[in-house]
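Notes follow the structure.
The values are calculated or read from the model by the stated rules, or taken from the named source; none is laboratory data. Not measured: the values here are computed from a predicted model. All Cβ positions, even for glycine, are placed from backbone atoms using ideal geometry, and neighbour counts span all protein chains on display.
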Amino acid sequence: MERWQRTMERQCNAPPDNIPIVLARGGHHGPVIHAANRAARLAGINAGARVVDMRAICSELRVEHADIAGDRAALDRLVLWARRWCPWTVRDGANGLILDTAGSDHLFGGEAAMLVAMETQLSLLGISARIAVAPTWGAAWALARFGPVRCVCMEDDVRTKLGVLPVTGLRLGNETVLLLQRLGLKTIGAVMDVPRLSLARRFVRAPLEANPLLRLDQAMGKLAEPVASLEARPRLRVQSRLAEPIFDPTPHLPELCENLCQMLTQAGQGCRRLHLTVYRTDGDVSHLDVATSAVTCDPQHLHGLFRDKLEQINPGFGFDLITLEASGVEDMHDHQSRLDGGSDDDLHLTQLVDRLSAKFGPRAVTQPILRQSHIPERVAGRVAALDGITKIVASSVKERPLRLFNHPEEVRVLYEVPEGPPAQFVWRRQTHRVARYSGPERIAPEWWKDRPGTRLRDYFKIENQLGQRIWLYREGLHEDGRGGDPRWFVHGCFA
Amino acid sequence: MLTTGSLQSRKRLKDKAYQPDLPKQTLSEVFPKTASDTASTGFVLAQLARADAPILWIQDRLSRKEAGEPYLAGIGTARPIIMVDLSRAADVLWAMEDGLRCKALGAVIGEIWGDPPVLDFTATKRLAMRSEASNVPCWLMRRAASPNLSAARERWRVASLPAARDPHDPQSPGLPRWALDLFRSRHSKPGQWVATYDRASDRLDLVATVRDGTLATDHGAAMQRTAG
């Protein structure tokens with residue numbers, strides 16, 4: 001809701017606060033309300049109700065679409081943003097963040113002060129938040145949603161603080177909550193007082209979301225629920241600190257590459273990308289990335305990829321810290337191709353492709369493949385070299401030229417009969433007389449891809465007076481109702 | 001006029017690699033007669049030994065525009081091709097040299113337009129020595145170029161000739177025929193031939209021509225002699 005409000009404010013068409021607005025999402029029986037603003041909540045509108053019902057309650061209700069995927073992405077970004085307080089953060093459901101602040105609260109002057117700082121920072125972002133500190137994920141979830149404002153809960157008073165909260169705070173499904181309420185268990189404390197054996201017997205087969213006993217154990221810390229943070233893999237990074245600023249990282253690169261490859265080799269891994277970062281003395285950083293076509297941990301090769309790229313680094317007034325980080329880390333699968341352990345041909349090929357792509361850019365080094373089509377230029381596709389795409393062998397029985405022009409070149413022709421081959425044509429300012437020909441081979445447009453009105457093509461293999469064999473086509477027919485007179489193009493050359 | 005002594009029928013150039021007295025793979029240059037003449041491409045592809053090692057094919061921008069790109073549907077998918085599209089001749093030479101360091105390649109084919117200053121005797125010598133060191137054949141296609149000083153071990157001029165007669169359709173061109181002119185060669189005798197290439201069997205039939213080249217007038221004779 002607040003994200004929508006901010007977007008509207010940015011677009012300068014935010015509605016005033018006293019108009020009830022709801023965000024709606026699709027439901028089984030028509031749209032249901034995803035979120036409501038304050039005016040709407042005061043009018044008695046609850047999230048989860050159907051929009052038509054709520055319109056009956058509040059006739060001036062304004063309904064907007066909820067961007068659930070956008071909310072999720074924003075929350076994911078917020079997860080990373082929250083790393084400013086602690087290194088382990090994770091998204092919790094659709095509207096929560098869990099931060100494992102163990103050991104980092106003292107940096108902000110204690111837990112209560114940290115909560116105030118968090119709420120301030122979040123409100124600066126325009127987000128209202130309810131925050132609580134608790135020893136377990138489950139307890140923090142319940143206290144943040146149903147507990148007092150900025151609740152700080154220690155190890156020993158979890159029981160008392162959770163006891164007064166409603167059973168909804170146990171992260172249970174709606175049906176289970178309803179069942180517990182029907183059983184007369186209104187608060188978590190009431191559930192705690194029930195003998196453990198009878199709860200276990202009642203919910204023996206229930207999954208975690210419907211099992212109050214397991215949820216209670218999680219909240220009390222009897223059942224482990226670790227925070228599985230994103231990007232928990234160790235970063236493979238080496239750095240070299242310099243005594244005084246320099247301008248050229250070249251002399252330090254071989255050592256950095258060797259150290260990094262040593263780390264990779266110890267982990268049995270290789271990398272596909274390298275990021276070189278230099279930290280400049282004027283408080284700026286400069287990046288340089290290189291990539292390889294196959295997983296590698298060969299320091300010589302990785303060093304060679306930087307050879308002509310180091311000029312792209314902007315050293316400013318010099319830099320005193322160089323870091324080299326490996327990403328795209330994958331396990332190495334080394335094969336010994338020969339019994340005597342000689343050189344590996346495939347390895348050399350991938351290294352060659354890497355060198356060429358590093359120097360000329362990845363778009364310059366490609367591998368032609370055949371695609372399924374009848375149109376000659378669509379048959380020829382390009383993929384990145386050594387991409388390992390299985391070959392689609394188009395079974396073309398017709399003879400095809402050895403070379404194809406990227407853009408067919410239009411020629412002026414003289415013909416005897418409109419449907420036949422030309423008698424003579426002018427291509428690249430030279431007159432070619434047709435000595436022999438074969439064809440036509442008619443290729444119709446692909447109606448499922450082409451725009452309507454695309455004309456068919458009649459291909460001729462022409463031999464001119466000098467013996468050159470040229471692939472020529474006429475686009476369209478006379479009187480086919482798709483434009484004027486057909487045009488002629490040279491499309492390729494035979495050997 | 002053909003003489004029996006000069007008739008070198010069905011000599012396969014690609015068998016050279018297996019003859020012990022001849023050198024191994026090296027740098028060869030091909031000069032097409034016109035820019036759009038594709039006979040040179042067919043000749044180079046016919047000269048490569050049949051294997052599934054990939055080809056590194058490097059083109060500069062003008063060659064790509066004027067002569068077109070290699071078309072996989074016509075060449076066949078027997079071996080992978082790694083295309084490198086560059087713009088400057090110096091880059092083409094750099095990439096060719098780098099490619100010749102890799103013994104896993106089946107061949108390195110470079111196309112350079114005109115006579116750029118970087119393509120001098122030293123550059124071709126480097127290519128030739130690298131090619132011989134790694135035993136990877138290297139072909140340099142030079143369009144709109146003059147055959148000036150070069151260290152290429154073999155230098156060819158290739159032009160299209162009117163095709164052989166198609167046995168099924170007299171109107172249409174049959175097997176392609178090329179005029180080959182080996183005008184400089186380090187290890188064999190220079191000569192001129194008329195070649196007929198059969199793609200289905202990957203077979204290149206050579207017939208020596210006399211110097212005055214009267215053969216061009218009756219193109220059917222060569223094929224009949226060869227067959228007989």
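Restricting attention to the stretch B:55-66, which residues are over 22 Å from residue B:135 (Cα atoms) and at the interface with chain A (Cβ under 9 Å from one of its Cβ atoms)? If the condition is that a residue be over 22 Å from residue B:135 (Cα atoms) and at the interface with chain A (Cβ under 9 Å from one of its Cβ atoms), then B:64, B:65, B:66 are the ones that fit. So is residue A:238 in a strand (DSSP E or B), surrounded by 13 or more Cβ atoms within 10 Å (Cβ to Cβ) and among the aliphatic types (A, V, I, L, M) or not? Yes.
Out of all the residues in the stretch A:42-56, which are exposed (fewer than 14 other Cβ atoms within 10 Å of the Cβ) and farther than 16 Å from residue A:31 by Cα? Don't jump to the end; show me each part of the working.
Step one: list which residues in the stretch A:42-56 are exposed (fewer than 14 other Cβ atoms within 10 Å of the Cβ), which gives A:42, A:44, A:46, A:48, A:52-53, A:56.
Matches in the stretch A:42-56: A:42, A:44.
Filtered by the rule that a residue be surrounded by 13 or more Cβ atoms within 10 Å (Cβ to Cβ) and farther than 18 Å from residue A:209 by Cβ, the stretch A:187-198 gives A:187, A:189, A:190, A:192, A:194. Would it be correct to say that residue B:163 is part of a loop (DSSP other than H, G, I, E, B), buried (at least 21 other Cβ atoms within 10 Å of the Cβ) and either within 11 Å of chain A (Cβ to nearest Cβ) or out of contact with any strand residue (DSSP E or B) (no Cβ under 9 Å at 6 or more places or on another chain) (or both)? Spelling it out, residue B:163 is indeed part of a loop (DSSP other than H, G, I, E, B), buried (at least 21 other Cβ atoms within 10 Å of the Cβ) and either within 11 Å of chain A (Cβ to nearest Cβ) or out of contact with any strand residue (DSSP E or B) (no Cβ under 9 Å at 6 or more places or on another chain) (or both).
Residues of the stretch B:127-151 being buried (at least 21 other Cβ atoms within 10 Å of the Cβ) and assigned to a helix (DSSP H, G or I), which ones? Can you show your working first?
If we filter the stretch B:127-151 for residues that are buried (at least 21 other Cβ atoms within 10 Å of the Cβ), which is where we start, we get B:127-128, B:131, B:136-143, B:150.
Hits for the stretch B:127-151 are B:127, B:128, B:131.
Quick check: is even one residue across the stretch A:423-431 closer than 21 Å to residue B:74 by Cα, crowded, with 19+ Cβ neighbours inside 10 Å and modelled with pLDDT of 90 or more? I'd like the intermediate steps shown before the answer.
Applying the first criterion (closer than 21 Å to residue B:74 by Cα) to the stretch A:423-431 yields none.
No, there is no match, as no residue in the stretch A:423-431 is closer than 21 Å to residue B:74 by Cα, crowded, with 19+ Cβ neighbours inside 10 Å and modelled with pLDDT of 90 or more.
Find the residue count for the stretch A:32-52, including only residues that are more than 19 Å from residue A:15 (Cα to Cα) and either in a helix (DSSP H, G or I) or out of contact with any Lys or Arg (no Cβ under 7 Å at 6 or more places or on another chain) (or both).
8
Restricting the first member to the stretch A:421-441 and to residues that are outside any strand (DSSP E or B), and the second to residues that are modelled with pLDDT of 90 or more, the beta-carbon pairs closer than 7 Å and six or more apart or on different chains are A:421/A:434; A:421/A:437; A:421/A:460; A:421/A:462.
Among the conditions (1) farther than 18 Å from residue A:226 by Cα; (2) part of a helix (DSSP H, G or I), the only one that residue A:126 does not satisfy is (2).
Within the stretch B:67-84, residues that are more than 7 Å from every other protein chain (Cβ to nearest Cβ) sit with their Cβ atoms under 6 Å from residues that are surrounded by fewer than 20 Cβ atoms within 10 Å (Cβ to Cβ) and of a type outside the set (Gly, Ala, Ser), at 6+ positions apart or across chains, in these pairs: B:79/B:52.
Highlighted here are the strands (runs of 3 or more DSSP E) found entirely within the stretch A:444-495 that include at least 3 residues which are within 14 Å of another protein chain (Cβ to nearest Cβ) and free of Cβ contacts under 8 Å to residues at least 60 places away in the same chain: A:457-464.
The residue that is nearest to the other protein chains (Cβ to nearest Cβ), among those in the stretch A:396-420 that are among the β-branched types (Val, Ile, Thr) and outside any strand (DSSP E or B), is A:397.
Criterion first (touching a residue at least 60 places away in the same chain (Cβ under 8 Å) and out of contact with any Pro (no Cβ under 6 Å at 6 or more places or on another chain)) does residue A:80 satisfy it? Full working, then the answer.
Details: touching a residue at least 60 places away in the same chain (Cβ under 8 Å): yes; out of contact with any Pro (no Cβ under 6 Å at 6 or more places or on another chain): yes.
Yes, satisfied.
Annotation note: Cβ proximity below 6 Å between a residue of the stretch A:361-384 that is in contact (Cβ under 8 Å) with a residue 24 or more places away in the chain and more than 7 Å from every other protein chain (Cβ to nearest Cβ) and a residue that is aliphatic (A, V, I, L, M) and not in a strand (DSSP E or B) (sequence gap 6+ or interchain) occurs for A:373/A:379.
In the stretch B:85-122, what residues are aliphatic (A, V, I, L, M), more than 9 Å from chain A (Cβ to nearest Cβ) and assigned to a loop (DSSP other than H, G, I, E, B)? Within the stretch B:85-122, B:100, B:118, B:119 meet the criteria. The set of residues in the stretch B:30-83 that are aromatic (Phe, Trp, Tyr) and in contact with a Lys or Arg (Cβ under 7 Å, 6 or more places away or on another chain) comprises B:31, B:71.
Given A:185, A:208, which one is of a type in the set (A, V, I, L, M, F, W, C), at pLDDT 85 or above and assigned by TED's automatic domain parsing to the domain that holds residue A:139? Walk me through how you get there before you give the answer.
Values: A:208 fails: at pLDDT 85 or above.
Only one candidate qualifies: A:185.
A quick yes/no check of all residues on (1) surrounded by 13 or more Cβ atoms within 10 Å (Cβ to Cβ); (2) modelled with pLDDT of 85 or more; (3) closer than 22 Å to residue A:385 by Cα:
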residue: A:242; (1), (2), (3): yes, yes, no
residue: A:248; (1), (2), (3): yes, yes, no
residue: A:251; (1), (2), (3): no, yes, no
residue: A:254; (1), (2), (3): yes, yes, no
residue: A:258; (1), (2), (3): yes, yes, no
residue: A:263; (1), (2), (3): yes, yes, no
residue: A:267; (1), (2), (3): yes, no, no
residue: A:278; (1), (2), (3): yes, yes, no
residue: A:290; (1), (2), (3): yes, yes, yes
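So that you can scan it fast, the table gives a plain yes or no per residue for (1) at positive phi; (2) buried (at least 21 other Cβ atoms within 10 Å of the Cβ); (3) of a type in the set (A, V, I, L, M, F, W, C):
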{"residue": "B:86", "(1), (2), (3)": "no, yes, yes"}
{"residue": "B:120", "(1), (2), (3)": "no, no, no"}
{"residue": "B:125", "(1), (2), (3)": "no, no, no"}
{"residue": "B:153", "(1), (2), (3)": "no, yes, no"}
{"residue": "B:181", "(1), (2), (3)": "no, no, no"}
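Does residue A:138 satisfy the criteria of being more than 27 Å from residue A:40 (Cα to Cα) and either hydroxyl-bearing (Ser, Thr, Tyr) or in a loop (DSSP other than H, G, I, E, B) (or both)? In short, no.
Could you pull out the residue among A:56, A:24, A:74 that is assigned to a helix (DSSP H, G or I) and farther than 24 Å from residue A:138 by Cα?
Numbers: A:24 fails: assigned to a helix (DSSP H, G or I); A:74 fails: farther than 24 Å from residue A:138 by Cα.
Answer to the selection: A:56.
The residue of the stretch A:143-183 that is farthest from residue A:213 (Cα to Cα), among those that are aliphatic (A, V, I, L, M), touching a Pro at 6+ places or on another chain (Cβ under 8 Å) and not in a loop (DSSP other than H, G, I, E, B), is A:158.
Can you pull out the residues in the stretch A:59-71 that are in a helix (DSSP H, G or I) and surrounded by 18 or more Cβ atoms within 10 Å (Cβ to Cβ)? Matches in the stretch A:59-71: A:71 only. Does at least one position in the stretch B:43-52 carry a residue that is facing chain A (nearest Cβ under 10 Å) and in a strand (DSSP E or B)? No, the conditions are met nowhere in the stretch B:43-52.
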